[in-house]
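Step one of this worksheet: look at the structure below.
Each value in this text was obtained by applying a stated rule to the coordinates, not by laboratory testing. Computed from a predicted structure; not experimentally measured. Don't worry about glycine lacking a Cβ; one is built from the backbone with ideal geometry, like all the others, and counts go over all protein chains shown.
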Amino acid sequence: MRYIDPHIHMVSRTTDDYQRMAQAGCVAVTEPAFWAGFDRSSAQGFFDYYRQLTEYEPKRAAQFGIRHFTWLCINPKEADDPGFAREVISIIPDFLERETVLGIGEIGLNKNTRNELIILEEQIALAEKYNQMVLVHTPHLEDKLKGTRLIMDAISASSIEPGRVLIDHVEEHTVGEVLDRGFWAGMTLYPDTKCTPERAADIIEMYGTERLWMNSAGDWGCSDPLAVPKARLEMARRGHSAETIDTVTFGNPQCFLSQCEKFRLED
Amino acid sequence: MSDPIFSCPQNREEVINTYFMEHRAKLIDLAAYLDRLDRARPVGDDADFRDTAFRDAIAILTDGQSQRARRILDLLSDHSTAMPQSADGMKGALGAPHRVSTEGGAA
């Protein structure tokens, strides 16, 4: 058994998490840039973070045979100050050529403000300019439905093809619209605020496996870096075929991510 | 979208065999939470918007219609069209839309 966790924040996890993930069959992770749990005080803080994502984490993952890729951006929670956000965005292009950078992410909205939307649009423009794929964070809880629609509208106003965009953290009330508009959809297996393995299996039963993946979004909060293999077990317990399980936890992420030629599982 | 009818690999007896005990426990947790609220002193005269939404959501569970998870998530979503300029001073997400009044629509 092998799987890809296409959204996990390994900078917040310990090295033995890599070990346990490898033991559970993880062959690759992709790590979007995100909010560290506190607001950084300078653009230099992001410069150091991008170095950590592109230089240090791939080496730490490689110790356990896991490929580590990343997405860069300023996250929506720290994007509410446009001046600061633009300063951070200005340092991103220098990192885009690095061999493990797959695109721009996780961009999106947090509280659905005009300031956040302005910076989202500017990062979409950045992805357009440098022909980058996009990984999208959708807001939490009551803000998700409205924010998901605002985000999809902003991307649809650009020249980026929806097939090169993954809209993450979908739930039952957003997944249909995301797929209908041609985007890829990510189900995040996260306690209390997102999907459980059981509900992810339910969504697959209702919407099929096309353009759908699952991830743990493991981070500094209560979360589970083994959520994807646990969801595989849940699907198997319910009687889903090995082919279906493999599609949503390996084949689909591989298919989407391989649109970037830098994504390789073999040397 | 694929046909949601009978798309689960298990039959109903198998679903119940697999999930009943887990959801029996969750059901009792839910009942105990409502009992706990009954034993707690109220704060002010107005119902908490989260509690109101929660009880509206419970009604969906027994209305006999399908797509309950989607409809509950929809009920617990902000359907307003207003966009504040900044998040400065705003609270984090609370799990239910905070309506200003029962007649005036979403804030």
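Can you find, among A:GLN132, A:ASN75, A:PRO229, the residue farthest towards the positive end of the dipole of chain A? Put +1 on the C-beta of Lys and Arg, -1 on that of Asp and Glu.
Most positive-ward Cα: A:PRO229.
What's the exposure ranking of A:LEU212, A:LEU226, A:LEU135, A:LEU53, going from fewest to most Cβ atoms within 10 Å?
Ranked by crowding around the Cβ, least crowded first: A:LEU226, A:LEU212, A:LEU53, A:LEU135.
Could you give the DSSP H helices of chain B that reach 20 angstrom or more along their long axis (alpha carbon positions) and whose average Kyte-Doolittle hydropathy is no lower than -1.0?
Values: long enough: B:12-39 (38 Å, -0.51).
Long hydrophobic helices here: B:12-39.
Taking all pairs of different Cα atoms in the protein assembly as shown, averaging 1/r and flipping that mean, what Kirkwood radius in angstroms comes out?
21.7
Can you give the charge dipole size of chain A about its Cα centre, rounded to the nearest 20 debye, using +1 on the beta carbon of Lys and Arg and -1 on the beta carbon of Asp and Glu? Working shown, then result.
Working: 28 positive and 42 negative charges, 71 e Å.
Dipole magnitude for chain A comes out near 340 debye.
Sequence-distant or interchain residues sharing an amide H contact under 5 Å with A:ARG181, placed H: which?
Hits under the 5 Å cutoff: none.
Could you work out which residue, out of A:GLY83, A:GLY218, A:GLY239, moves most in a Gaussian network model of chain A, that is, has the largest mean-square fluctuation with Cα springs under 10 Å?
Fluctuation is largest for A:GLY239.
Take every Cα-Cα distance within the range A:29-146, group them into 5 Å bins from 0 onward, and report for each bin the whole-number percent of pairs it holds.
Binned Cα distances yield the sequence 2, 12, 23, 24, 20, 11, 6, 2, 0.
For the range A:162-212, what class follows from the C-alpha gyration tensor (a ≥ b ≥ c being the square roots of its eigenvalues): rounded when a/c is under 1.5, otherwise prolate if a/b is larger than b/c, else oblate?
In terms of gyration-tensor shape, prolate.
Would you compute, from DSSP H runs of 4+ residues alone, the mean residue ellipticity of chain A at 222 nm, taking -39500 (n - 2.57) per run and dividing by the full residue count, rounded to the nearest 500?
Calculated mean residue ellipticity at 222 nm is -11000 deg cm²/dmol.
With the cut-off at 1.5 for a/c, could you classify the range A:163-267 from its C-alpha gyration tensor as rounded, prolate or oblate?
Taking the square roots of the gyration eigenvalues as a ≥ b ≥ c, the range A:163-267 is rounded.
Using every Cα-Cα pair within the range B:8-84, state what percent have a distance larger than 16 Å.
Cα-Cα pairs in the range B:8-84 separated by more than 16 Å: 69 percent.
From the square roots a ≥ b ≥ c of the eigenvalues of the alpha-carbon gyration tensor of the range A:68-122, which class results: rounded (a/c under 1.5), prolate (a/b over b/c), or oblate?
Taking the square roots of the gyration eigenvalues as a ≥ b ≥ c, the range A:68-122 is prolate.
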